[in-house]
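Okay, so here's the structure we're looking at.
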Amino acid sequence: MPPGEEKRRTVPKFTSFKPPAPAEPETRPGDSREARKGREEKDVGSESKHRHSKRHHDADRETNRDRKSRPRSSSDRPRDVTLGKDGRQTPGPVGSGGGSHNDLFFFDVRGDPLITKYGGNDRYKVPTYHRFGGGKLMGSDGILSVHYAGSRELFDIEKRHRESKSIFRDKAALARAASCKAKRIAPSSDPPQPTNDDYIEVEPPKKRRRGDQDSSLGFSMPDYRSIHGKAKAGQQSESENESEGSAESDDEGGPAELSATKTLSIEINRRLKAQPGDIASWLELIKLQDSLFREDQGLTDVRSADAVKALASLKLSLYEEALPHAKSLSDRESVLDGLMREGAKVWSPKALAKRWDEVSEKESDSFVLWRARLNFELGQVSTCTYEDIKKLIVEEVQSMNGKLAAASPEDIQSVSGQQIYIFLRLTRFLHDSGYVELAVAAWQATLELTLFRPPSEQAFESAVSSFTDYWETESPRLGEDGWKDGWRRFVESGAIEDLPDARSENPYEIIQSRDVFKAWAAAEIQETRRASMPSRTLDESTLDDPFKVVMFSDIKDLLIWIPTIAIPCATPRLLDAFLTFCQLPTAGLSRNDKEFSRLLQDPFVACRNHVVEAAFNDRKGVSEGPVAEQSKTNPEFRQQGAGMALSQDVLFARPNWFQYLGDWSNTKPLGFDDGIKPAWILGTLKVIVQHYGNLMEELAEYHLALEWRHDPNRASKAAKGLLKDSPTSMRLYNAYALTEWANQNIQMLEKVLSSATGRNLAGEQRLWNTWAWYHLELQQRQMALSRICASADDTTKHKQAPNVTPIVLLRTRTRLSTTRDYSLSSRDLVKATQYAESLALFEYLVCEDESGTVASDSQGSISAALASIWGFCDELKSLNTSDSAYYYECLLQTAARLLYYHATHGAYRPAYLRAELAKLIEAFPHNAIFLELFAWANQSTMFLLVNDPIREVLRRSSDNTGNDDAAVQLNIHRFSIRYEAARGSSAGATMMYPTKAAFEAALGINSNPCGGERRGNVDLWVCYLRLLQSIYKSAAAAASAPIKGKDKGCPEGGNPLVKDVKDVYYRAIASCPWSKRLYMEAFGEGMIKMMASSELRGVVNTMVEKGLRVHVEMAGFCERWEAVRGKKK
């Protein structure tokens, strides 16, 4: 074919196909010009449709060049034109090869009558066209543009408008370029490739893709696929359009330009190639995928459902790749646990349940996988029933009894901890399902079988037979009035204690209400409170409800059996688990066992946090004044259930410092009250302390703190009784002094401290620190300094006001620092921490600032005190022992106390205060004391800054701890909820949507839309519902319209506010289908007005179907209710 000619493609013709005759062209004036123009544009479009160019004028130039070089056909030749009288061209006659009828353009002489009706032309009859400039608007500098989504014309703001500017006008880019260092590009060490002389590549080589780079390293990097699916075929990578220089620099200096996260990922992959059985490296690589994914996708946080599933798929592939290399049980547990967690985000519920069946069958001995399986089953609303979950846990309890009996001495500690945790999960499940008396009876029997076992009963079978006889006598049981050694006395002497009097209770009272469901809920709550303790057969209340009587056959399969040899190490864990069952913070008896302590912070069993609940009904710590006066607001000191290190300073705290227990016995839970009676808790602890107080001083002081919180007037009597049994206990003397200080009994405080410091008790430095703090709180700085000096000199200990001379100060500093360092080197951390606190107080009181400023009478040198504490903490952290972290946190809490005292008793530097508190949070991000004080220190600027520093600290703390540590995450999110609630109240906000977002984050909905452990925390769901009810109640009050349900006056579809509350309620039921408290929330004062009668009846029916405990039968109650209403009428 001659060059410059193109063979025109012809349409194949068939004998059976006869093309229609060409239509006669219309002879309208001006049609030839428009038709020619349309055909030319159509030809140009067809020729340049497949081309890709960055700029439109380049494409037009190429198109015109092709048009000029291509020979024209007959249809492309210009028509004959003539000049009219006005000088314009007019179309001439059409030749034989003239154009055909044009369907695109025509003259509209009448107009479209539908334009006024629909507001525009019919877009389907308008041909596709593109505006010059890619839709950008004039005068907007490339920022504003118009694009089409189908037939809709949309307005948009370009995010990358800076790309259209010249780089030499971008001052920020020029500044970054000036700060960059020159990079030397070394020549490649590879031998030059042979080239073909007949071919020279003029285009720059494409940038190597991730797969090419990974294959050159000898391993496979993860494929970070798009969260929106596969890319389209027509889309090109931006890297393919890069310049040659940038491509060469990327190839030659690639490893130097990689981020630290990607560099670490490459190192781990190389390590895994050499050692594929290194499961720790596999887990580290999988944990690193969160940062890599955010960096690769350009995301700040993975929250969308597509992003979560994409990241989960990536992790899932890595887990499956690591699974064949996991040989030991611990390695398989770690890999399979993570695999099932990520699989829950990707697989369907049916596929996930099938995989769980397979994993449980293969790994039947794994405690970690059993716990994960239990959490999964509890979150399946369609299959979760009381009997099925109870059977699952009871089987594991019996299995753990056999494992502990056959465990070696090295495994007794870990196996007993797992056994106690499973028993805690069982009793909490029974309690939450409404079977409170059954759960209490199980704890009564287990504590008595373990702690008060007769010496003659060591075998399991004989002990159970003997205990059955004792239980059936219905004599007073552990924690009840009249209990005296119980089972032990029954076995040794055969004596039966006096039986308690039969209880007579009146039937439930039907309240006056026209709503049958409201009346039923009131009756159900009355019966639930009466059933908080097991009944006897002689009690009159058992006639209507026989489940109140707990026979030993009812709890025989629920109990755990701890062999005698394992009781010493299992007792601290058992008692901490008992306090957790009672929804109290632990006593710190098992804090050295990190794994068991983390289990007790499981969101499914974690103690109730009354701080979050109080944020919605009692905000005493929140000022209602304007923003400018928020610096006067005090922190929230009531911190029951919050994360902090347990010490006597927070256990017996006064109202001006953080309280570990809060008002635990006086705080009523929101909504349905299914709590345990405080009298039984105190009675049980009292009996245990009397028998084991000498061995566990921490439990004795914990019991004293509970007595003091329950009734401050009884604290003195309880303390004297404990000191009578343990006259040499320094901890009890100090606890007694702190209770008297809190009760404002100053004379007794001085007497107790003076008497205790004169006994030469072990660890008496703690008493001197308490004495110094007492004087410091009274702003008696010199007196406090004299007490610290007296503790370091035996000759001045008993003087009322010893003289403080420079020699005494030098001697005191030397004595305190020497004793502190020696105790630390000898691993006596208790004594070392006490002297470190004394030295910090001493440095604060002597007022030796480097600046030479003289402190006030109530203030001292805060910088010197904190320097002493931080210096000691650096040495304390280097020990890396099991309990060093606990004493490290306790000492930092002392530093926080000094900071708060210094800031509230005179002038201070706010920037310094915030900086020091930020350092404390960096050390322990979950500590409620540090978080509260940091929020308090930033109150004056929280509404003035664009970026809230507290929110930033919370986000950073949450990212650093990771989602795997559910206990730490729960404490951080609890504080976030309380902070947002207090912040919204302080600002006068009526719609607290930031608090709502904090709840969503706390429940793991943003980070894990498919489920999570925190979603099993019932308290968070109840508080979330209460928040929404308060918000919507305020909105309805502002609109002067009551909130009504759909069947009570709302139009079809319901009120959107009510619909949102219902949505959260049903999500809560789907996440916690075993919790009776959540079901009963629908009958509260707020939600019962939003729910329809059919919905409330459905809630009751669901409770019955799930097997939850319902005391008042709905059908029988309706008959009684109607009869009562009939009599009143």
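The values are calculated or read from the model by the stated rules, or taken from the named source; none is laboratory data. Quick caveat: nothing in here was measured; it's all calculated off a predicted structure. Glycine also receives a Cβ, built like all others from the backbone with ideal geometry; neighbour counts cover every protein chain displayed. With ligands, DNA and RNA removed, areas are computed over all heavy atoms of the protein, side chains included. Shrake-Rupley method; radii C 1.70, N 1.55, O 1.52, S 1.80 Å.
In region 365-388, which residue that is open to solvent by 40 Å² or more (accessible area, probe 1.4 Å) and of a type in the set (A, V, I, L, M, F, W, C) is farthest from Asp331 (Cα to Cα)?
It comes out as Val381.
Please state which of the following conditions Arg608 fails to meet, knowing it meets all the rest: (1) modelled with pLDDT of 85 or more; (2) crowded, with 18+ Cβ neighbours inside 10 Å; (3) closer than 30 Å to Met696 by Cα.
Every condition holds for Arg608 apart from (1).
Taking region 351-364 as the region of interest, how many residues are among the basic types (Lys, Arg) and either over 25 Å from Arg1067 (Cα atoms) or surrounded by 15 or more Cβ atoms within 10 Å (Cβ to Cβ) (or both)?
Here the count works out to 2.
Of the residues in region 617-626, how many are in contact with a helix residue (DSSP H, G or I) (Cβ under 6 Å, 6 or more places away or on another chain) and either at pLDDT 90 or above or open to solvent by 40 Å² or more (accessible area, probe 1.4 Å) (or both)?
1
Any idea which of Tyr692, Tyr774 is surrounded by fewer than 22 Cβ atoms within 10 Å (Cβ to Cβ), hydroxyl-bearing (Ser, Thr, Tyr) and within 22 Å of Tyr901 (Cα to Cα)?
Values: Tyr692 fails: within 22 Å of Tyr901 (Cα to Cα).
Answer to the check: Tyr774.
Quick one: which of His926, His973 is open to solvent by 10 Å² or more (accessible area, probe 1.4 Å) and outside any helix (DSSP H, G or I)? Write out each step before concluding.
Numbers: His973 fails: outside any helix (DSSP H, G or I).
That would be His926, the only listed residue that is open to solvent by 10 Å² or more (accessible area, probe 1.4 Å) and outside any helix (DSSP H, G or I).
Can you name every residue in region 427-457 that is under 14 Å from Trp487 (Cβ atoms), outside any helix (DSSP H, G or I) and either touching a helix residue (DSSP H, G or I) at 6+ places or on another chain (Cβ under 8 Å) or modelled with pLDDT of 95 or more (or both)?
Phe452, Arg453, Pro454, Ser456, Glu457
How many of the residues making up region 739-764 are in contact (Cβ under 8 Å) with a residue 60 or more places away in the chain and open to solvent by 10 Å² or more (accessible area, probe 1.4 Å)?
Going through region 739-764 one residue at a time, the tally reaches 3.
Mind listing just one residue for me: the one in region 695-704 that is open to solvent by less than 60 Å² (accessible area, probe 1.4 Å) and within 19 Å of Arg591 (Cα to Cα) and, of those, modelled with the lowest pLDDT?
Filtering first and then ranking leaves Met696.
Identify all residues within region 708-736 that are within 39 Å of the chain's Cα centre (by Cα) and either in a loop (DSSP other than H, G, I, E, B) or surrounded by 15 or more Cβ atoms within 10 Å (Cβ to Cβ) (or both); write none if there are none.
Of everything in region 708-736, those that are within 39 Å of the chain's Cα centre (by Cα) and either in a loop (DSSP other than H, G, I, E, B) or surrounded by 15 or more Cβ atoms within 10 Å (Cβ to Cβ) (or both) turn out to be Trp708, Arg709, His710, Asp711, Ala715, Arg731, Leu732, Asn734, Ala735, Tyr736.
Of all residues in region 1081-1094, count the ones that are under 31 Å from the mean Cα position of the chain (by Cα) and not hydrophobic (A, V, I, L, M, F, W, C).
Selection size over region 1081-1094: 4.
Please give the number of the condition Val1064 fails out of (1) at pLDDT below 90; (2) within 13 Å of Leu1028 (Cα to Cα); (3) open to solvent by less than 70 Å² (accessible area, probe 1.4 Å).
(1)
I'm checking my understanding of the structure. Among residues of region 822-844 that are among the polar types (S, T, N, Q) and more than 14 Å from Leu891 (Cβ to Cβ), which one is most open to solvent (accessible area, probe 1.4 Å)?
The extreme case among them is Ser825.
Only one of these is surrounded by fewer than 19 Cβ atoms within 10 Å (Cβ to Cβ) and modelled with pLDDT under 90: Pro669, Pro635. Name it.
Exactly one residue qualifies, and that residue is Pro669.
Among the listed residues Leu292, Leu329, Leu314, identify the single one that is within 20 Å of Val346 (Cα to Cα) and either at pLDDT below 90 or open to solvent by 40 Å² or more (accessible area, probe 1.4 Å) (or both).
Leu292 is the lone residue from the list that is within 20 Å of Val346 (Cα to Cα) and either at pLDDT below 90 or open to solvent by 40 Å² or more (accessible area, probe 1.4 Å) (or both).
Looking at Thr468, Thr528, Thr473, Thr537, which one is buried (at least 20 other Cβ atoms within 10 Å of the Cβ) and β-branched (Val, Ile, Thr)?
Numbers: Thr468 fails: buried (at least 20 other Cβ atoms within 10 Å of the Cβ); Thr473 fails: buried (at least 20 other Cβ atoms within 10 Å of the Cβ); Thr537 fails: buried (at least 20 other Cβ atoms within 10 Å of the Cβ).
Going through Thr468, Thr528, Thr473, Thr537 in turn, the sole match is Thr528.
For residues that are at positive phi and in contact (Cβ under 8 Å) with a residue 12 or more places away in the chain, scanning just region 485-525, find the one that is surrounded by the most Cβ atoms within 10 Å (Cβ to Cβ). Write out each step before concluding.
Looking only at region 485-525, we keep the residues that are at positive phi, and these are 485-486, 494.
Restricting the remaining residues to those that are in contact (Cβ under 8 Å) with a residue 12 or more places away in the chain gives 485-486.
Details: Asp485: 17, Gly486: 22.
Among those that are at positive phi and in contact (Cβ under 8 Å) with a residue 12 or more places away in the chain, it is Gly486.
How many residues are within 10 Å of Ala700 (Cβ to Cβ) and aliphatic (A, V, I, L, M) when one looks only at region 720-740?
4
Working carefully through the options Ala967, Ala911, find the one that is at pLDDT below 85 and part of a helix (DSSP H, G or I). Break it down into steps so the answer makes sense when it comes.
Working: Ala911 fails: at pLDDT below 85.
One residue alone meets the criteria, Ala967.
Quick one: how many residues across region 1071-1128 are among the polar types (S, T, N, Q), part of a helix (DSSP H, G or I) and surrounded by 13 or more Cβ atoms within 10 Å (Cβ to Cβ)?
3
If Thr904 meets every condition in (1) open to solvent by 10 Å² or more (accessible area, probe 1.4 Å); (2) touching a residue at least 40 places away in the same chain (Cβ under 8 Å); (3) not basic (Lys, Arg) apart from one, which number is that one?
It fails just one condition, (2).
Can you run down the residue pairs with Cβ atoms below 7 Å, 6 or more apart or on separate chains, where the first is in region 1091-1116 and without any contact (Cβ under 8 Å) to a residue 24 or more places away in the chain and the partner is outside any helix (DSSP H, G or I) and of a type outside the set (D, E, K, R)?
Val1104/Val1110
Looking only at residues that are in a helix (DSSP H, G or I) and small (Gly, Ala, Ser) in region 400-426, which one is surrounded by the most Cβ atoms within 10 Å (Cβ to Cβ)?
Here the residue is Ser416.
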